[in-house]
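Please read the structure below before turning to the comments.
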Amino acid sequence: MKTFLLATASVALMAGSALAQDFSAPPSYGSVNLNAGFTPDPYRVNITSGGSIRASNVSSQCRGWVANAPDYSVNYNAGGYDLTIGSTSNSDTTLLVNGPNGEWYCDDDSGEGLNPLIQLNNPRSGRYDVWIGSYSEGDYAAAVLSVSEVGLTQGGSGAPNTNAPATFGSVNLSAGFTPDPYTVNLTSGGARSASALSSSCRGWIANAPDFSVNYSAGGFDTLTIGAVSSSDTTLVVNDAYGNWYCDDDSGNGLNPLVTLTNLASGRYDIWVGSYSQGNYADATLSISEIGQVAGQQPRPQPRPQPRSGINMSAPAAYGSVSLRAGFQPDPYRVSITSGGGYRADSVRSGCAGWVASAPDFELTYSAGSLPLIISAASSSDTTLLINDPNGNWFCDDDGGNAGLNPALRFNNAASGVYDIWIGSYSQGNNASATLSISELYSE
């Protein structure tokens, strides 16, 4: 339901009465330090919306139900950019922000559809506490918080549909895949101008992705995506973080080429565009970890080997959170894609499954008297690998409450960092899974 926009960059509410929202409380889903010019932009984190407190405690014009503690905190060092904070969800969500000087901002539907969005012009340096609310009481929905200096999608945007099925199919690729490059034949072009994403994007693309790659990262540094055609084509890519990339002629001749670094496991949506409107041309799409493009002269170089071993010091692919004993909501959940290119038994004998090099998720936990239970739920056969604050490795295959789901219970949990991997029992199987962190029960 759309409502009146209370606050954007020009309208703020000062706290004038006792409020139920406690911006001094530790954020439930963690925090981040961002300096002006940060990458990737937008910065995104998965959050569950809603709570038991009315956002209207801030103002009668604020909408939705929020938690007591902030969902997330952004410690921002300003530097001449505007700052945009938004949320996307399949549910109707709202947004509440407390800025560095105690000013309040809130919004309901200024983003696309029922998504909220707040744009702050000339933002101050300091801490921004963020709540993602649910418009309806009792609705706790999966949502993605986004923070950007280049702007987020707003209503009426010409951005293509990343949720649509890919027209020319999809593939699951794990690190080290062969043959390399992986190729697919498709037709370029569409009725949508790529410049709707950015003034630097060229060509005409379809609404739905042309092709989707469900990629399990596992130690290779780059992923090269290219297209070859006798016509003038362009390329648009939405990566696993949600970042957009586009190119016109970085390949040979008029062919486009995009090279991605800082790879994460997840879905990569690809559009092959036509430079000229109304031109629909035959093209060959290539995906490579060794920088090769089908139809072009291969470079005389050996295939690089993946970086050796499971690396618990690498940044977690799906983010991190700090939780204290008694945290709410319980369980804390994160959506993750399982699997990777490394055997879990390489760090502890008897561990089952295949995992990524970097942790999938990092938990910083302040322990109390309750047990810590970490589990995974999936329609596929998944496994669990954890490195605890004392450096000990733990693993499980089917110890959860249902079917083939794994779970680990720490009865005398230590405070500190838990690095967590959700593995796939079978090599090359990359499945959607939900990581659950609880003091009450396993999934």
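A few notes on this one:
- All of Asp247, Asp232 fail the test of being touching a residue at least 12 places away in the same chain (Cβ under 8 Å) and either touching a Pro at 6+ places or on another chain (Cβ under 6 Å) or surrounded by fewer than 20 Cβ atoms within 10 Å (Cβ to Cβ) (or both), apart from Asp247.
- Restricting segment 260-317 to residues that are open to solvent by 30 Å² or more (accessible area, probe 1.4 Å) and not in a loop (DSSP other than H, G, I, E, B), the residue that is modelled with the lowest pLDDT: Arg267
- Qualifying residue in segment 350-365 (condition: open to solvent by 30 Å² or more (accessible area, probe 1.4 Å), farther than 30 Å from Gly133 by Cβ and of a type in the set (Ser, Thr, Tyr)): no
- Residue check for Gly50: among the small types (Gly, Ala, Ser), buried (at least 18 other Cβ atoms within 10 Å of the Cβ) and within 22 Å of the chain's Cα centre (by Cα): yes
- Residues located in segment 321-349, provided they are hydrophobic (A, V, I, L, M, F, W, C) and surrounded by 20 or more Cβ atoms within 10 Å (Cβ to Cβ): Val321, Leu323, Phe327, Val334, Ile336, Ala344
Let's see how each residue does on (1) open to solvent by less than 40 Å² (accessible area, probe 1.4 Å); (2) of a type in the set (A, V, I, L, M, F, W, C); (3) in contact (Cβ under 8 Å) with a residue 40 or more places away in the chain:
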site	(1), (2), (3)
Leu408	yes, yes, no
Ala413	yes, yes, yes
Ile422	yes, yes, yes
Leu440	no, yes, yes
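- For segment 392-404, the count of residues that are open to solvent by less than 10 Å² (accessible area, probe 1.4 Å), under 27 Å from the mean Cα position of the chain (by Cα) and not aliphatic (A, V, I, L, M) is zero.
- Test: residue in segment 372-379 that is in contact with a helix residue (DSSP H, G or I) (Cβ under 8 Å, 6 or more places away or on another chain), of a type in the set (Gly, Ala, Ser) and buried (at least 20 other Cβ atoms within 10 Å of the Cβ): no
- Highlighted here are the strands (runs of 3 or more DSSP E) found entirely within segment 115-181 that include at least 1 residues which are closer than 30 Å to Ser357 by Cβ, modelled with pLDDT of 90 or more and open to solvent by 10 Å² or more (accessible area, probe 1.4 Å): 170-174.
- Conditions (1) modelled with pLDDT of 90 or more; (2) of a type outside the set (A, V, I, L, M); (3) assigned to a loop (DSSP other than H, G, I, E, B): number failed by Pro26: (1)
- Identity of the residue in segment 200-215, farther than 20 Å from Val293 by Cα and assigned to a strand (DSSP E or B), that ends up most open to solvent (accessible area, probe 1.4 Å): Trp204
- The condition of being within 20 Å of the chain's Cα centre (by Cα), modelled with pLDDT of 90 or more and farther than 22 Å from Asp269 by Cα holds for only one of Val321, Val334, that being Val321.
- Summed over segment 37-47, the residues that are open to solvent by less than 30 Å² (accessible area, probe 1.4 Å) and either of a type in the set (Ser, Thr, Tyr) or not in a loop (DSSP other than H, G, I, E, B) (or both) give a count of 2.
- Meets criteria (assigned to a strand (DSSP E or B), open to solvent by 20 Å² or more (accessible area, probe 1.4 Å) and among the polar types (S, T, N, Q)) for Gln61: no
- With respect to the conditions (1) under 25 Å from Asn121 (Cα atoms); (2) at pLDDT 90 or above; (3) open to solvent by less than 30 Å² (accessible area, probe 1.4 Å), Asn77 lacks only one, and its number is (3).
- Residue count for segment 121-148 satisfying the condition of being of a type in the set (D, E, K, R) and under 24 Å from the mean Cα position of the chain (by Cα): 3.
The values are calculated or read from the model by the stated rules, or taken from the named source; none is laboratory data. Owing to the predicted nature of the structure, the values given are computational and were not obtained by experimental measurement. Using ideal geometry, Cβ is built from the backbone for each residue, glycine included, and neighbour counts are taken over all protein chains shown. SASA here: full protein model, heavy atoms, side chains in, ligands and nucleic acids out. Shrake-Rupley method; radii C 1.70, N 1.55, O 1.52, S 1.80 Å.
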